[in-house]
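Read the figures in this text as sums done on the coordinates, not as results from a lab. Note that the structure is a prediction, hence the values are computed from the model and not measured. Positions of Cβ are backbone-derived with ideal geometry, glycine not excepted, and every protein chain shown enters the neighbour counts.
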Amino acid sequence: MRKQYHILNGDSLKKQFPETIQGEILVARECLVDGNVNGNSLTDLFKVRAEFISNNYDGYKKQDYFEKTVPEFQKIQNIPDNVDINLWFEDDLFCQVNFWFVINLLIKSNHNNQLFLIRPESHSQYGFGGLLKSELISIFESRLKLTELDKLALLWDYYQTNDTEKLIETSKRLKNLYPFIDTAVEAHIERIPANGNMGRPSQSLVQIMDELNTVEFGPIFKEFCKREQIYGFGDLQVKRLLDEINNNR
């Protein structure tokens, strides 16, 4: 077997990653689904992201981004030729946006490698976290070889520039191969405020607060994760949305 590289979407999967699966592990420590992603270059993007995250996520400094996040992306860029790259990403929008970015990064690095996608057999709010090590081994063994890499890489370009028409068009072209991408793109479009209405996630949070008759974060977050699994938002993303809603009320 060729040398294996595994790119994981977050450190939680790294903690439960089976020891019997050989290869080097890299972690995409980002939440590109949330906040500003502008930047004419990778350097610009990293500066923008460090600024956004340090300003909006308590306890996270700009220096943390450059010490913990950027080096992993640099390692991804420096993966050698003639290896297998295994991308462990789920179907939700959080994972998908990071997946599009990583694919884009790999394609622009001009490596002659085979890329594979590993994803849970069924989408749930628990994702990889709900799987046993034996199940992680099983889905790795049935990994999907990725094709249409150029189109997959374009998804990030269109997301970053907010070109929703081309994003939708490209996802439709990929739908037969990767139907989960089309579903994620639809969810992204639905979260964009339109005609004076809040986006879908905010509307859902308002409805949950009204139905549960509470502003307590715990129950609201739990119910949101049940109803809106497609977004894959963590507590930090939902807390930001809730604060925004409550500040405007």
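Using 0.36 nm times the number of residues separating Glu72 and Arg143, minus their current alpha carbon distance, what extension gain do you get?
That works out to 23.3 nm of additional length.
Would you please classify the overall shape of region 200-248 from the alpha carbon gyration tensor, given that a ≥ b ≥ c denote the square roots of the eigenvalues, rounded means a/c under 1.5, and beyond that prolate means a/b larger than b/c while oblate covers the rest?
Since a/c stays below 1.5, the shape of region 200-248 is classed as rounded.
With springs connecting C-alpha atoms under 10 Å apart, model the chain as a Gaussian network and identify which of Leu132, Leu167, Leu93 has the largest mean-square fluctuation.
So, out of Leu132, Leu167, Leu93, the one fluctuating most is Leu132.
Hey, in the GNM for the chain with a 10 angstrom Cα cutoff, which one of Asn36, Asn86, Asn110 fluctuates hardest?
So, out of Asn36, Asn86, Asn110, the one fluctuating most is Asn110.
Given an 8 Å cut-off on Cα distances and at least 6 residues of separation, report the relative contact order of region 4-190 as a percent.
21
Please get the size of the charge dipole for region 47-187, origin at its Cα centre, with Cβ charges of +1 on Lys and Arg and -1 on Asp and Glu, quoted in debye to the nearest 20.
Values: 16 positive and 21 negative charges, 56 e Å.
Using Cβ point charges on Lys, Arg, Asp and Glu, region 47-187 gives about 280 debye.
How many angstrom separate the Cα center of region 134-198 from the Cα center of region 31-104?
Using only Cα atoms to place each centre, the spacing works out to 17 Å.
Using a Gaussian network model of the chain whose springs link C-alpha atoms within less than 10 Å, name the residue from Asn38, Asn98, Asn197 with the highest mean-square fluctuation.
Residue with maximal mean-square fluctuation among Asn38, Asn98, Asn197: Asn197.
Any idea what the relative contact order of region 200-248 is, in percent, if you count C-alpha pairs under 8 Å spaced at least 6 apart?
Working: 21 pairs, mean separation 20.0, N = 49.
Here the relative contact order equals 41 percent.
Could you work out how far helix 179-190 tilts from the main Cα principal axis of the chain, as a 0 to 90 degree angle to the nearest 10?
Taking Cα atoms only, the helix is inclined about 30 degrees.
Among Leu174, Asn197, Gly218, whose Cα sits farthest toward the positive end of the charge dipole of region 151-245 (+1 at Cβ of Lys/Arg, -1 at Cβ of Asp/Glu, about the Cα centre)?
Final value for the positive-end residue is Leu174.
Rank the residues Tyr65, Tyr57, Tyr231 as a footprinting-exposure proxy: fewest other Cβ atoms within 10 Å of their Cβ go first.
Fewest to most other Cβ atoms nearby, the residues stand as Tyr57, Tyr65, Tyr231.
Pulled fully out, how much extra length does the chain show between Ser12 and Asp235, if you take 0.36 nm times their separation in residues and subtract their Cα-Cα distance?
Value of the extension gain: 78.8 nm.
Once label points are set 7 Å from the Cα along Cα→Cβ at both Leu212 and Asp150, what is their separation, rounded to one decimal in nm?
4.7
Mind checking the dipole of the chain: about its Cα centre, +1 per Lys or Arg Cβ, -1 per Asp or Glu Cβ, Debye to the nearest 20?
It comes to approximately 400 debye.
Using only DSSP helix segments of four residues or longer, with each worth -39500 (n - 2.57), what per-residue ellipticity at 222 nm results for the chain after dividing by its residue count and rounding to 500?
-15500 deg cm²/dmol
Shape of region 80-181 from its Cα gyration tensor (a ≥ b ≥ c, root eigenvalues): rounded if a/c is under 1.5, otherwise prolate when a/b > b/c, or oblate?
Oblate is the answer for region 80-181, as a/c is 1.5 or above yet b/c matches or exceeds a/b.
Could you give the length gained on full extension between Asn55 and Asn38, defined as 0.36 nm per residue of separation minus the Cα-Cα distance, in nm?
4.5 nm
Helix 164-173: angle to the longest alpha-carbon principal axis of the chain, degrees 0 to 90, nearest 10?
Its long axis makes an angle of about 50 degrees.
By how many degrees, between 0 and 90 and to the nearest 10, does the Cα long axis of helix 217-227 differ from the longest principal axis of the chain?
60
Pull up the cross-link candidates among the lysines for Lys61, meaning alpha carbon to alpha carbon under 28 Å and not fewer than 8 places away within one chain.
Lys14, Lys15, Lys47, Lys75, Lys222, Lys239
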